[in-house]
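Here's the structure, in structure tokens; my notes come after.
The values are calculated or read from the model by the stated rules, or taken from the named source; none is laboratory data. Keep in mind it's a predicted model, so treat the numbers as computed, not measured. Methodologically, a virtual Cβ is constructed for each residue, glycine included, from the backbone with ideal geometry; neighbour enumeration extends over all protein chains shown.
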Amino acid sequence: MNHIALKMLMGDRGKYLGIIMGLTFASLIMTQQPAIFVGLMARSYSFISDLGLPDIWVMDAKVQFIDDIKPLQETELYRVRGISGVEWAMPLYKGLLKARLADGTFQNV
């Protein structure tokens, strides 16, 4: 029975190579796409993990994502500083500047 199955599978060389190529391409896609997804997710939280200073982040209630620019009001900052057990609380500035390089071109920094 196995002999007949192998003969059916490998009997036509073109179909057999097509199956092997299709399976190879499918396995490539199945490993590549999760890697792209994990890379994008790592870039979305890398700012917080790379900074590494605070134990807890306090943000405005209307902030939807990490790059959303809605600064915490000064009164709310004082309220956070007034909580017992909080050693320090400081606002964090995140932004981009354009710097002129030696050759005259500009680069975001």
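Which of the residues belonging to segment 71-99 are in a loop (DSSP other than H, G, I, E, B), among the hydrophobic types (A, V, I, L, M, F, W, C) and closer than 26 Å to Val109 by Cα? Spell out how you get there, then give the answer.
First pass over segment 71-99, keeping only residues in a loop (DSSP other than H, G, I, E, B): 71-73, 82-97.
Among the residues that remain, those that are also among the hydrophobic types (A, V, I, L, M, F, W, C) are: 72, 83, 86, 88-90, 92, 96-97.
Leu72, Ala89, Met90, Leu92, Leu96, Leu97, listed by residue number.
Please determine whether any residue of segment 85-106 is of a type in the set (Lys, Arg) and surrounded by 10 or more Cβ atoms within 10 Å (Cβ to Cβ). Don't jump to the end; show me each part of the working.
Looking only at segment 85-106, we keep the residues that are of a type in the set (Lys, Arg), and these are 94, 98, 100.
This time we only want the ones that are surrounded by 10 or more Cβ atoms within 10 Å (Cβ to Cβ), so: none.
No, the conditions are met nowhere in segment 85-106.
Based on this model, can you work out whether Asp68 counts as among the acidic types (Asp, Glu), assigned to a loop (DSSP other than H, G, I, E, B) and under 19 Å from the mean Cα position of the chain (by Cα)? Before you say what the answer is, go through the steps one by one.
Working: among the acidic types (Asp, Glu): yes; assigned to a loop (DSSP other than H, G, I, E, B): yes; under 19 Å from the mean Cα position of the chain (by Cα): yes.
So Asp68 passes the test.
Do we have Ser27 as modelled with pLDDT of 85 or more, assigned to a loop (DSSP other than H, G, I, E, B) and of a type in the set (Ser, Thr, Tyr) here? So Ser27 fails the test.
Right, Val58: at pLDDT below 85 and under 30 Å from Pro91 (Cα atoms) or not?
Numbers: at pLDDT below 85: yes; under 30 Å from Pro91 (Cα atoms): yes.
Yes, satisfied.
In segment 36-65, what residues are part of a loop (DSSP other than H, G, I, E, B) and surrounded by 10 or more Cβ atoms within 10 Å (Cβ to Cβ)? Can you show your working first?
Taking segment 36-65 and keeping what is part of a loop (DSSP other than H, G, I, E, B), we get 52-65.
Selection gives Pro54, Trp57, Val58, Met59, Asp60, Val63.
Using the structure shown, decide if Ala42 is within 29 Å of the chain's Cα centre (by Cα) and of a type in the set (A, V, I, L, M). The answer is yes for Ala42.
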